[in-house]
Amino acid sequence: MVMVALPFVPLLLWAFSDRWFFPALAPQSWGLRAWIYLFRTAPDQILVVTLQSLWVAAATACIAVAVGLPAGRALGIYVFKGKDLLSIVLMLPVVVPSLCVAMGLHLWFIRLGLAESFLGVVLIHLTFCVPYSVFVMWGVFSNYNVEFEDQARSLGATGVQTVVRVMIPMTLPGIVVAGLFSFLLSWTQYLTTLIIGGGKIITLPILLFALMASGDRPVAAAVSLLFVLPAFFTLFFSARYLGRKGLVGVW
Amino acid sequence: MGELILDRLILRFGRRTVVEDFSLKVADGELVSILGPSGVGKTSILKAVAGLLQPAGGKILLDGRPLIGTAPEKRPAVMVFQKPLLFPFLNVEQNIAFGLRMRRLADSKIRRDIASIMELTRLTGLGRRRIHELSGGQQQRVSLARALVVKPAVLLLDEPLSNLDADLRQQMRDLIHKIQARTRITTLFVTHDQAEALAISHRVALLLEGRLRQVGSPRELFHRPADPEVARFFGGTNFLEGRFEKGALHTQVGVFPLPGFNGNGHRLTATIRPEDIVIRERGPYDLEGRVVRTRFEGMATRVWVQSGNTLLVVLTPDSRLTPGQRVRMHLPPEKIHVFPPPPDERRA
């Protein structure tokens with residue numbers, strides 16, 4: 001807990017300071033200037049950027065799970081030719097730096113009219129979120145017993161009912177992990193968002209970098225705290241919910 | 001109603017044929033066991049009836065209506081698997097209600113049906129329990145209740161007792177027997193355990209190497225096996241080969257009168273069950289031999305006796321026999337079962 005909390009001490013100090021000059025160890029004067037700026041002076045900008053970030057991350061997470069679920073199922077349950085090759089191909093976007101992928105795709109995105117668009121940013125985030133999501137769901141379905149579905153069918157569940165009432169509840173912890181993972185990956189993206197978004201799609205990291213560059217440390221610290229909230233939420237959620245239930249709903 | 005007819009069913013996995021030409025008629029209200037060693041395709045037959053496996057050929061008829069092509073959820077046949085497969089995210093009651101919920105029945109009816117089925121399967125009071133709080137036997141009972149509550153025309157039981165220990169097995173077997181007798185639900189029961197099949201079924205169908213070998217009442221299969229392999233499956237080990245002449249079977253070890261059997265000159269194979277051979281010290285006897293090995297099995301002792309070049313296995317209540325001892329055996333003629341000779345080997 002201390003290890004997790006320690007890096008946030010300077011952030012908190014900065015966010016609640018008015019003046020803090022070298023070589024003092026603590027701020028010379030305290031104040032809420034940063035927070036007043038955040039909620040009074042520029043609340044609209046902060047809100048728009050936060051929402052933008054949320055939408056991008058949420059859309060990315062939803063699509064990543066929607067793709068990861070059937071793909072992970074296929075990889076985890078069925079045996080087919082080229083499965084090993086597929087796993088290597090899936091690994092590639094994780095291994096290759098996302099900067100290279102973004103640079104490479106930028107030209108194509110410009111041609112296709114996807115550059116500087118919401119969809120373009122989501123797509124570029126998906127290039128690495130989908131593999132992660134597929135890997136998580138692959139693991140989940142490797143321990144999944146398909147007989148549960150046979151049992152459901154035999155008891156009178158239609159194909160759709162089987163998916164909704166059996167498969168999804170059985171794999172829910174995995175789905176949540178894949179979703180949160182993708183959400184956080186997308187939420188923390190800077191470079192790929194900057195390249196494809198071209199400054200039109202402004203997310204929290206983009207704003208944060210701008211604030212850092214402007215030298216207003218207290219405001220940057222306050223935005224950082226806002227930025228880190230989802231990660232904290234995820235941490236608590238996974239500790240409380242997943243820690244108890246485990247990753248696999250099958251025994 | 002629930003008369004189930006399987007007609008020349010063929011089941012394949014890829015290119016491998018697991019079940020060939022399987023025909024079986026199960027009358028309404030009957031409990032028929034499909035018995036056979038592991039991996040002969042017994043489960044596949046149930047899956048085909050449940051609609052979870054597409055047969056490569058043949059017909060499945062329920063009350064005269066063909067089932068093949070009907071989706072599993074629309075078939076009035078419910079399968080209970082070897083593992084209880086209870087949904088871990090639902091409690092006992094919700095698990096039992098699953099099939100009724102899928103049919104979108106009214107809550108009041110669901111509650112009534114669940115209460116009565118829980119009473120029948122002796123689960124009353126466990127409704128709110130989580131699945132992991134149940135014992136193995138309780139889980140299997142929930143699984144059975146979940147299948148029975150939808151009132152299927154045919155119940156398909158796939159070795160539901162094999163994961164239970166001996167004591168629970170016995171209780172569960174009795175429970176299934178009782179429930180089947182009370183509900184008169186047509187039941188196909190798959191097992192590899194001959195004792196289980198004999199104890200529970202109206203009729204037994206023996207499946208060996210993907211082929212149906214014999215169908216009949218438990219007594220028929222046990223005492224009048226159709227061929228040596230069937231006999232072997234039921235623990236038969238003593239086979240006598242010889243020629244039938246003048247009302248008796250002439251074998252290498254001796255001559256055994258077979259009253260009521262016709263067909264002079266036939267080469268025949270006969271069998272006698274280990275527990276039917278009588279070891280006696282006095283009185284007439286048919287064979288003499290030397291004890292080679294003994295194994296104490298509690299209720300009885302299994303004794304291997306060498307007589308000429310034939311090794312006979314005898315199950316006797318006498319536990320004092322020791323290897324090397326000479327014994328006299330009586331083979332009651334009425335206990336000797338002669339296999340019908342295959343058509344092409346009638347006259348050797």
**Prompt:** So is A:Leu119 open to solvent by 30 Å² or more (accessible area, probe 1.4 Å) and not in a loop (DSSP other than H, G, I, E, B) or not?
**Reply:** yes
**Message:** Checking the conditions here, which among B:Val154, B:Val204 is among the aliphatic types (A, V, I, L, M) and away from chain A (no Cβ under 14 Å)?
**Reply:** B:Val204
**Message:** With the structure loaded, tell me whether B:Phe89 is assigned to a loop (DSSP other than H, G, I, E, B) and either touching a helix residue (DSSP H, G or I) at 6+ places or on another chain (Cβ under 7 Å) or within 14 Å of chain A (Cβ to nearest Cβ) (or both) or whether it fails that test.
**Reply:** yes
**Asked** Can you tell me which residues in region B:70-82 are surrounded by fewer than 18 Cβ atoms within 10 Å (Cβ to Cβ) and charged (D, E, K, R)?
**Response** B:Lys74
**Scan of region B:31-56 for residues that are away from every other protein chain (no Cβ under 14 Å), touching a residue at least 24 places away in the same chain (Cβ under 8 Å) and either on the phi > 0 side of the Ramachandran plot or within 14 Å of the chain's Cα centre (by Cα) (or both), ordered by number** = B:Leu31, B:Val32, B:Ser33, B:Ile34, B:Leu35, B:Gly36, B:Pro37, B:Ser38, B:Val40, B:Gly41, B:Lys42
**Message:** Return the residues of region B:1-12 that are open to solvent by 10 Å² or more (accessible area, probe 1.4 Å) and either farther than 17 Å from B:Gln54 by Cβ or without any contact (Cβ under 8 Å) to a residue 12 or more places away in the chain (or both); say none if nothing qualifies.
**Reply:** B:Met1, B:Glu3, B:Ile5
**Fill in**
Within region B:28-69, residues touching a helix residue (DSSP H, G or I) at 6+ places or on another chain (Cβ under 7 Å), closer than 27 Å to B:Leu175 by Cβ, open to solvent by less than 20 Å² (accessible area, probe 1.4 Å) and aliphatic (A, V, I, L, M) come out as B:Leu31, B:Ile34, B:Leu35, B:Ala50
**Prompt:** Which residue pairs have Cβ atoms under 9 Å apart, sit 6 or more places apart or on different chains, and have a first residue in region B:278-294 that is under 21 Å from B:Val255 (Cβ atoms) and a second that is open to solvent by 50 Å² or more (accessible area, probe 1.4 Å) and among the aliphatic types (A, V, I, L, M)?
**Reply:** B:Tyr285/B:Val278; B:Asp286/B:Val255; B:Gly289/B:Leu311
**Request:** Output yes when any residue across region A:137-144 is within 14 Å of chain B (Cβ to nearest Cβ), under 30 Å from B:Val80 (Cα atoms) and over 21 Å from the mean Cα position of the chain (by Cα), and no when none is.
**Result:** yes
**Request:** Having 3 or more residues that are among the β-branched types (Val, Ile, Thr) is the bar; report the helices (runs of 4 or more DSSP H) wholly within region A:137-212 that clear it.
**Result:** A:168-187, A:191-197
**Asked** How many of the residues making up region B:245-271 are part of a strand (DSSP E or B), of a type in the set (A, V, I, L, M, F, W, C) and in contact (Cβ under 8 Å) with a residue 40 or more places away in the chain?
**Response** 4
**Prompt:** Among the residues of region B:157-177, is there at least one that is open to solvent by 10 Å² or more (accessible area, probe 1.4 Å), assigned to a helix (DSSP H, G or I) and more than 29 Å from B:Val40 (Cβ to Cβ)?
**Reply:** no
**Message:** Consider region A:186-204. How many of its residues are crowded, with 20+ Cβ neighbours inside 10 Å and out of contact with any Pro (no Cβ under 9 Å at 6 or more places or on another chain)?
**Reply:** 8
**Asked** Does region A:11-21 contain any residue that is within 24 Å of A:Leu172 (Cα to Cα) and either of a type outside the set (Phe, Trp, Tyr) or open to solvent by less than 70 Å² (accessible area, probe 1.4 Å) (or both)?
**Response** no
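The values are calculated or read from the model by the stated rules, or taken from the named source; none is laboratory data. Since we're looking at a predicted model, the values are computed, not measured. Because the Cβ atoms are built from the backbone with ideal geometry, glycine has one as well, and the counts that use them run over all protein chains shown. Note: accessible area is taken over every heavy atom of the protein model, side chains too, but ligands, DNA and RNA are not part of it. Shrake-Rupley method; radii C 1.70, N 1.55, O 1.52, S 1.80 Å.
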